[in-house]
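Below: the structure, in structure tokens.
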Amino acid sequence: MRRLETFDAENLDALKQLACSVYPDSEIASQEYMQWQYTTNPEGLPEVRIAQDDSGLTGQYVLLPKALQVEGVKHLAWLSLNTITRPDHRGKGVFTSLAAACIEHAR
């Protein structure tokens, strides 16, 4: 059974384990990079949705806030990044469900 939840920064270690399991040598799995993105980003806190089942985290979808200025007017935008679905859960709609939940929040 899959549950969609809002990610809590206190669970950063679980998210790091998921990132390391899929992208072991990637910057997105480094503690410093994740700490900055998820807890100390100067643009604000990200919108993170996670999926999990009894075996642990199965996927994540992240929208990172980004301040933009267009013709002198400031806008809040969201940058989609660090999407991860565990290989054994691909093709089961994890990505689609997580993306929909994040995008709905961003609207």
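The values are calculated or read from the model by the stated rules, or taken from the named source; none is laboratory data. Only a predicted model underlies this, so the values are computations on that prediction, with no experimental measurement involved. As a convention, Cβ positions derive from the backbone with ideal geometry for all residues, glycine included, and neighbour counts pool all protein chains shown. Heavy atoms of the whole protein, side chains included, go into the accessibility calculation; ligands, DNA and RNA do not. Shrake-Rupley method; radii C 1.70, N 1.55, O 1.52, S 1.80 Å.
Taking each residue of the range 52-75 that is over 19 Å from E104 (Cα atoms) and looking for partners that are of a type in the set (S, T, Y) and open to solvent by less than 80 Å² (accessible area, probe 1.4 Å) with beta-carbon atoms closer than 6 Å, six or more apart or interchain, yields Q52/T58.
Quick test for you: out of E5, E32, pick the one residue that is within 16 Å of A101 (Cβ to Cβ) and open to solvent by 40 Å² or more (accessible area, probe 1.4 Å).
Values: E32 fails: within 16 Å of A101 (Cβ to Cβ).
When all the criteria are applied, what remains is E5.
Does E27 count as among the charged types (D, E, K, R), in contact (Cβ under 8 Å) with a residue 24 or more places away in the chain and in contact with a helix residue (DSSP H, G or I) (Cβ under 7 Å, 6 or more places away or on another chain)? Spelling it out, it is not the case that E27 is among the charged types (D, E, K, R), in contact (Cβ under 8 Å) with a residue 24 or more places away in the chain and in contact with a helix residue (DSSP H, G or I) (Cβ under 7 Å, 6 or more places away or on another chain). Scanning the range 1-46 for residues that are modelled with pLDDT of 85 or more, touching a Phe, Trp or Tyr at 6+ places or on another chain (Cβ under 7 Å) and of a type in the set (D, E) yields no hits at all. For the subset of the range 70-93 comprising residues that are farther than 24 Å from Y33 by Cα and within 17 Å of the chain's Cα centre (by Cα), which member is most open to solvent (accessible area, probe 1.4 Å)? By that ranking, first place goes to R90.
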